[in-house]
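This report concerns only the one structure given below.
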Amino acid sequence: MNLSESCFAHRLKNSLQTRPDMYKKPLATCLQWCFLLVALVLVSSCPVSAWSEHPLLAYPVLSPLPGLAQREGIPVKSLKTFLLEEEAGLESLLENQEAWSREHLTHYAPRPETLAFRATGNPDDVLKRFFHAIRINPNSQMRLYLHLLPGESPSGKEEVSPRTLTTLSDTSEMHGTRYVELVEGELVSPLQVLCTANDEPDFGLDLGLFEDNGTDYGALYGFGNQPFGNPNLEYSSQAPFHMGFYHESPLVFFFGPFLQETYPEYRIHLYKSLSDYAFQSGQDYWGWRFMGWAMHYLGDLSMPYHASVLPGVSPTRMIWTNLKAMLGMPQSRDDAIQIVSNRHTVMEKFQQEVLRRAHREHSEDHPFFQALKNPVEMIHYTDDFPRQVAASQAAAAAERTDAVLERWMPPRLVADPGFEVSGSAEMSDLVASVAEQGGDEAIDQITVAIAEQLRHYSMHLRSFYAACMVE
Ligand SMILES: [Zn+2]
């Protein structure tokens, strides 16, 4: 995770260009830059996939819901067919959605009028018109496919390569998973569509959307420059859409106002509206698929490292660390970056590795399965839920979770700033590495801490599902 100083300079230059108002308060501005620099690099260092492989979590949450698994098969339909059949209705739906976003989302970047979806009837550019209107990566694949759980049989369906599902050039994260092709018109289980779609927003839908990402569409979308994260790194440009920092201290927001420029609420409301519309129009396949997309972002917000900028690090320490870096002593800052990034990565990896095994072995009693099947007390879903319930709870648990990882993960992985966990030998079998150093107690302690988060994750998805079903 060696971020060059040129990245700092680039961000600083961009921010000066886009935030001329900050010149008005010289002292505040100076202090804000101090914080801005450290926060930029810290956030940009984090992995941005939140939970790894969302269907591993979504399936145990959703499959027991009354009637869902038993629903009859629905016909698969391509996005293009759906759009052509629903053009007129979508034009007004997306107009209403834009009005809602402008009214309710404080830091929303309005969609340029030229991108509004118009029902022209032209099949040649309908996908592009839609992608532009909802401002996602127009290279998104939108394949008709299913994600198989570990050990699940392809049932005669053709397997598809991850390369045909995502726009990411690095697909190594997907190699342990099998995907199968669907054919337009065939019947498919709604539960499978829903769980599959829970992973799809990590397949490149939100990549390159900012003006300084060097894409032709980013230049059109009106999101401005990437508020945080390194705009030169392919995967990091989705971070502001998959993270939500709503519960930092006022001091943090004072020094880093750009941290509020995040968009998961926009995505959740947009995809929920599309899902509701699709169901009302008898387009069930897209009703379930859009619902799964929305759930993805809600799930991301339940991950502590996606709802808290720097778990366990006080704002004053952040500022002090960066001041030292500015005085030519960058070591503490660089160390903090590496450690937070490593903890985030090992938490995801542990979750994925353990859940893959539990699925493969049908370990119904595993604490992760038990947590996912036994959510915390339900809170009714409203438009404020992603911020006031999901992210709030995750932010509140961030410091505690971070402390458990620090205590029980092998020190090299979570406390050695000279070590990069990604690609390391320990990560190829993380559970074994943990057991080797900390024994069963380490496995148990980490499992309990993650399971506690999963009980919240489960409630978030179930509450959202209930809200979708009543409309
Ligand atoms: Zn995500």
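Things to note:
- Qualifying residue in segment 406-423 (condition: of a type in the set (Lys, Arg) and under 15 Å from ARG343 (Cα atoms)): yes
- Residue satisfying condition, being on the phi > 0 side of the Ramachandran plot and either surrounded by fewer than 21 Cβ atoms within 10 Å (Cβ to Cβ) or more than 16 Å from the ligand (Cβ to nearest atom) (or both), within set GLY176, GLY208, GLY185: GLY185
- Elements of type helices (runs of 4 or more DSSP H) contained in segment 154-271, each with 1 or more residues being of a type in the set (A, V, I, L, M, F, W, C) and without any contact (Cβ under 8 Å) to a residue 24 or more places away in the chain: 250-255
- Taking the listed residues TYR297, TYR221, TYR305, the one that is under 15 Å from the mean Cα position of the chain (by Cα) and either modelled with pLDDT of 95 or more or away from the ligand (no atom under 16 Å from the Cβ) (or both) is TYR297, with no other qualifying.
- Which numbered condition ILE450 fails, given (1) surrounded by 17 or more Cβ atoms within 10 Å (Cβ to Cβ); (2) more than 15 Å from ARG400 (Cα to Cα): (2)
- Scanning segment 366-383 for residues that are in a helix (DSSP H, G or I) and either farther than 19 Å from SER63 by Cβ or out of contact with any helix residue (DSSP H, G or I) (no Cβ under 7 Å at 6 or more places or on another chain) (or both) gives a single hit, GLN370.
- So THR345, is it under 30 Å from ALA425 (Cα atoms), among the hydroxyl-bearing types (Ser, Thr, Tyr) and within 16 Å of the ligand (Cβ to nearest atom): yes
- Among the residues of segment 320-339, those identified as part of a helix (DSSP H, G or I) and more than 27 Å from the chain's Cα centre (by Cα) are TRP320, THR321, ASN322, LEU323, LYS324, ALA325, MET326, GLN331, SER332.
- Search result, residues across segment 316-344 that are surrounded by 14 or more Cβ atoms within 10 Å (Cβ to Cβ) and either in contact with a Gly (Cβ under 7 Å, 6 or more places away or on another chain) or among the polar types (S, T, N, Q) (or both): THR321, ASN322, SER332, GLN338, SER341, ASN342
- Looking only at residues of segment 151-168 that are in contact with a Ser or Thr (Cβ under 8 Å, 6 or more places away or on another chain) and surrounded by 15 or more Cβ atoms within 10 Å (Cβ to Cβ), we find that the one that is farthest from GLY185 (Cα to Cα) is THR167.
- Just so you know, in segment 96-108 the residues that are loosely packed, with under 13 Cβ neighbours inside 10 Å and not in a loop (DSSP other than H, G, I, E, B) include one that is nearest to the chain's Cα centre (by Cα), and it is ARG102.
- Conditions (1) free of Cβ contacts under 8 Å to residues at least 40 places away in the same chain; (2) outside any helix (DSSP H, G or I); number of the one not met by MET142: (1)
- Tally of residues being of a type in the set (A, V, I, L, M) and more than 25 Å from the chain's Cα centre (by Cα) across segment 416-450: 6
- Identity of the residue in segment 384-395, in a helix (DSSP H, G or I) and out of contact with any Ser or Thr (no Cβ under 9 Å at 6 or more places or on another chain), that ends up nearest to VAL470 (Cα to Cα): PRO386
The values are calculated or read from the model by the stated rules, or taken from the named source; none is laboratory data. No experiment lies behind these values; they were computed from the predicted model shown. Quick reminder, even Gly has a Cβ in these numbers, built from the backbone with ideal geometry, and neighbours come from all protein chains shown.
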